[in-house]
Structures are given as C-alpha cells and as structure tokens.
Amino acid sequence: MPGILRTVASRVAPVLRGHTVTQSANMYTRPAKEKIGFVESSIACAVFSATILGPSGWVLAHLEDYKKRD
C-alpha cells in the first residue's frame with residue numbers, strides 16, 4: 001500500500017505544484033586550483049566563530065541589564 005501511495009504522490013505532486021522554475025547549482029568535481037593554507041583556514045574559522053558566538057556572548061554578558069528593564 002505505501003508503494004502505491006508513493007507512486008501516486010510522485011505523479012500528482014508536480015501537477016499540483018504547477019509550473020515552477022527549477023534551479024540547479026554549478027558543481028565542479030575537479031580539485032581546487034589553489035590550496036587554502038593554514039593561515040587562511042584559521043582566519044576563516046575565527047571569523048565564523050566570532051560571528052556566531054559574539055552576539056550570544058554579548059546577550060549573556062548583559063543578561064542582568066535586560067532583566068532590570070521594565
């Protein structure tokens with residue numbers, strides 16, 4: 001029974017969705033032309049960490065200030 005429902009759903013779904021434009025990504029299977037060095041990788045990791053952890057650290061550091069506001 002699930003097989004029949006899957007088949008029917010796979011055939012009916014595109015009709016119900018209507019005409020949509022599908023996007024496809026450009027995929028390259030070759031290795032990179034230039035290797036990324038340790039310094040560049042370290043800088044990228046530091047920037048990503050600061051971007052994610054910075055705002056949450058700010059909120060946690062000022063949590064008491066936010067609680068005092070009425």
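For the reader, a short list of remarks on this structure follows.
- You can think of it this way: the chain between ALA46 and ALA13 has 7.5 nm of extra reach, that is 0.36 nm per residue less the Cα-Cα gap.
- Cα-centre dipole for the chain with unit charges at Cβ (Lys and Arg positive, Asp and Glu negative), debye to 20: 480 debye
- The chain shape via C-alpha gyration tensor axes, a/c threshold 1.5: oblate
- With respect to the chain, whose longest principal axis is taken over its alpha-carbon atoms, helix 2-17 is tilted by about 80°.
- The calculated 222 nm mean residue ellipticity attributable to helices in the chain amounts to -21500 deg cm²/dmol, summing -39500 (n - 2.57) over DSSP H runs of n ≥ 4 and dividing by all residues.
Readers should treat all values here as calculations from the given coordinates under stated rules, not as data from a laboratory. What you see is a predicted model; the values in this text were computed from it and never measured. Ideal geometry is used to build each Cβ from the backbone, glycine not excepted, and the neighbour counts take in all protein chains shown.
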